[in-house]
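Contents: one structure, followed by commentary.
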Amino acid sequence: MGVIGGRLGYHILRAISPEQPAGMDGGAYAGQSKLETLLGREVWDEVRGKTVIDFGCGPGSEAIDLAQHGARHVQGVDILERWLTIAREQAATAGCQNVSFTKSSVERADIIVSVDAFEHFGDPAGVLESMAGMLNPDGCVLLSFGPTWYHPLGGHLFSVFPWAHLIFTEKALCRWRTHIRDDGARRFSEVEGGLNQMTIARFERLVEQSSFRMERLEAVPIRPARLLHNRLTREWLTAIVRCKLSLRRSVRRMAA
């Protein structure tokens with residue numbers, strides 16, 4: 001996708017944004033709970049007294065939040081050891097003893113939580129199956145992610161202006177990015193954290209083909225565009241997706 005590429009695309013991007021675009025520092029949740037903002041206040045009732053896995057825990061803030069809000073035990077799971085190291089340090093500083101951090105879970109959970117991660121997984125179908133293997137038969141997954149690919153800022157760092165990631169070619173955008181990141185990434189999937197170009201429709205198909213069934217899915221509209229948000233426009237005007245998944249009955253019987 002993208003129609004403006006080559007030297008022209010690169011030089012236009014450099015002229016528009018010679019430095020990192022503003023608003024990409026994660027400050028939107030400053031002073032508030034990301035979990036409560038994304039999943040609603042009812043998330044605390046869901047996790048109270050339960051064994052919880054925070055899948056894609058990053059530096060551990062949400063796992064600690066879950067532990068401090070009544071979860072019996074929380075296990076943060078992430079593939080990057082540097083995040084796990086930071087997470088362990090944060091938990092120690094917070095005096096939080098009912099949370100641990102590891103690259104893979106060795107125990108099944110009552111609830112798996114995943115926020116701001118599903119648009120980054122390199123193998124999202126594989127992630128769903130991994131989650132299924134970590135979940136108790138009667139458990140559930142509480143999941144929120146976004147912005148999705150067709151959101152105005154769905155390109156994350158590549159969104160130098162709304163929908164820029166759809167207008168410029170991947171090659172031009174990655175070349176522009178070399179001036180603010182030096183990791184050598186040449187594709188969206190190779191940037192730190194990865195971008196898998198997840199859309200709402202693709203996510204629904206992945207769930208349909210997985211061991212899970214969709215209990216509910218909510219496409220939360222971009223606030224200024226909420227009056228225009230509907231089934232036809234949701235790919236373009238959805239801020240975040242949040243949903244609840246449970247194992248299919250056939251999978252439950254096998255896991256029991």
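The values are calculated or read from the model by the stated rules, or taken from the named source; none is laboratory data. None of these values were measured; they are calculated from a predicted model. Note that each Cβ is placed from the backbone with ideal geometry, even for glycine, and that neighbours are counted across all protein chains shown. What goes into the accessible areas is simple: the full protein's heavy atoms, side chains included, and nothing from ligands, DNA or RNA. Shrake-Rupley method; radii C 1.70, N 1.55, O 1.52, S 1.80 Å.
Things worth noting here:
- For the chain, leaving out every one of the GluC sites (Glu not before Pro) that falls in a DSSP loop and has at most 12 other Cβ atoms within 10 Å, the longest unbroken run is 108-191.
- Probe 1.4 Å, accessible area per residue of the chain, Å²: 51 Å²
- Charged-residue dipole, Cβ positions (Lys, Arg, Asp, Glu), region 1-153 about Cα centre, Debye nearest 20: 300 debye
- Rounded to the nearest 20, the size of the Cβ-charge dipole of the chain about its Cα centre is 660 debye, with Lys and Arg at +1 and Asp and Glu at -1.
- Under-5 Å amide H pairs with E119, H placed in peptide plane, nonlocal only: G146
- Of all lysines in the structure, not one lies under 22 Å Cα to Cα from K171 without also being fewer than 8 positions from it along the same chain.
- Sites listed here are chymotrypsin sites (Phe, Trp or Tyr not before Pro) in region 144-215 whose DSSP assignment is loop and whose Cβ has at most 15 other Cβ atoms within 10 Å: W163.
- Loop-located trypsin sites (Lys or Arg not before Pro) across region 191-235 with a Cβ neighbour count of 13 or fewer within 10 Å are R231, with loop assigned by DSSP.
- Rounded percent of accessible protein surface that carbon and sulfur make up, region 64-200, 1.4 Å probe: 52 percent
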